[in-house]
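Here the structure comes first, spelled out in structure tokens, and everything after it is commentary.
The values are calculated or read from the model by the stated rules, or taken from the named source; none is laboratory data. The structure presented is a predicted model; accordingly, all values stated were derived computationally and were not measured. Here Cβ is always computed from backbone atoms with ideal geometry, including for glycine, and neighbour counts include all displayed protein chains. Each accessible area value is taken on the protein alone, full model and side chains, heavy atoms only, with ligands, DNA and RNA left out. Shrake-Rupley method; radii C 1.70, N 1.55, O 1.52, S 1.80 Å.
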Amino acid sequence: MQRIVIVGGGAGGLALATRLGRQLGRQGLADITLVDSARTHVWKPLLHQLAAGSFDTHAEEIEYLAQARWNHFRFRLGSLTGLDRRAKTVQLAASFDAAGREITPAQALAYDTLVIAVGSQTNDFGTPGAAEHSIKLDSPQAARHFNDRLINACIRAQSVPRREGSGQLTVAIVGGGATGVELAAELHAAARVLGHYGFENINPEKDLRIVLVEAAPRLLAQLPERLGKAALRELRKLAIDVYTDEKVVEVTADSLKMASGKTIASSITVWAAGVKAADFLQTLGAGADGQMPLETTRLNQLLVNGNLQTTRDASIYAFGDCAACPQPDGSWVPPRAQAAYQQAMYLAHALPQLTAGKAVKPYNYTDQGSLVSLAGYSSVGSLMGSLTQGSFFIEGQLARLMYWALHKQHQLALGGVKKTLLITLSEMIDRTHRPRIKLH
């Protein structure tokens, strides 16, 4: 029986394991195993809401063990530490609980086909102080850590009566991409709600200052210019301080220092600028006998061909943010959620044929547009498709609806129609009795 091991339980990896489990695992045609260092999955585009407290993951998290049981694949807890390409095994690190007790030992897992989908992490470009003094919003743990610091800072300010509007708490967000823009708007919305939960000594709208810093000349530099202008217009309506064309050269415990000489005070700094693949991918697959590691780019991404096979080992595939996939026009597939989902669906179809020695058309990225959520205030986006003959700009309620639909598409891919309907119903019920933001 073909042994397929998928390392990485993000949106792409989990969708692929779920689809292959339904297609092959159910019929006993393959043994599919998903590996991840966490026990639950949270959809990454929701991290800014988790950080602001406007989203409670307990209602949304997907338990890997339960998802595996329902969809005919296995789940193994652990993080990838090594790869023996000759023996066709991956090495997984031991896992431990909060008290340091071992949960699972270090182990080796055999495979016939290996798929690497470990995603990306925030790239601070080696900026002095960034690692020590900023929170990188690239995991649920980091988002929860930020939310704890935000709520604790508000409670601390509440305990000391003072002059309203003195600006004691400043949140500085480095990076004007989708994550930074969405977090800034979400924090403003959360600040308005905080005032209803006993913070009478502070005015969250006035005492919480939000600063967004972007090194490029405009916001959302990787997306169409019209989206960047629309996002800037909305953020300025919310009195969010936006600095463009300002490169951060140092982060301290209480400030940001710019190349221009400016200094911005900061109580909490979030680094949301740039992405790269994990450093360990640079040496993955290297053997003591001189075997070369898998080929990578300067951003640590694994180089793959049109079938998403790594260039030095056809039995190892990689996709999503951790992979560099060329396109026929010479460009590269962008590190975006829609690309990872498309590649997961491509592999679900292509893997059974490729492992059987059949030819398969190469993957071709289709840009379906971009959507950016600005909390409950608005959303902006552009849709791509044959009907529009290019890009079609949308904003307001229509864009918010499309953003919501993207989340529902993710839930449908993992749980099907019935479960998605039940989740949606539970979300509607939750809104009637839960606080509008998470306060613990």
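Observations, loosely collected:
- From the list T366, T296, the one residue that fits, being of a type outside the set (F, W, Y), in contact with a helix residue (DSSP H, G or I) (Cβ under 8 Å, 6 or more places away or on another chain) and loosely packed, with under 15 Cβ neighbours inside 10 Å, is T366.
- Among (1) acidic (D, E); (2) closer than 25 Å to L47 by Cβ; (3) at pLDDT 95 or above, the one test that E250 misses: (2)
- Unmet requirement for N201, which otherwise passes all of (1) crowded, with 21+ Cβ neighbours inside 10 Å; (2) modelled with pLDDT under 85: (1)
- Yes/no for Q23 being assigned to a helix (DSSP H, G or I) and within 28 Å of T310 (Cβ to Cβ): yes
- Meets criteria (open to solvent by 10 Å² or more (accessible area, probe 1.4 Å), hydroxyl-bearing (S, T, Y), at negative phi and in contact with a Ser or Thr (Cβ under 8 Å, 6 or more places away or on another chain)) for S260: no
- Tally of residues being within 17 Å of A17 (Cα to Cα) and touching a residue at least 60 places away in the same chain (Cβ under 8 Å) across region 323-357: 11
- For region 218-235, a residue qualifies if it is open to solvent by 30 Å² or more (accessible area, probe 1.4 Å) and under 24 Å from I135 (Cα atoms), and the qualifying residues are R218, A221, Q222, L232.
- Unmet requirement for I151, which otherwise passes all of (1) part of a helix (DSSP H, G or I); (2) farther than 22 Å from I173 by Cα: (2)
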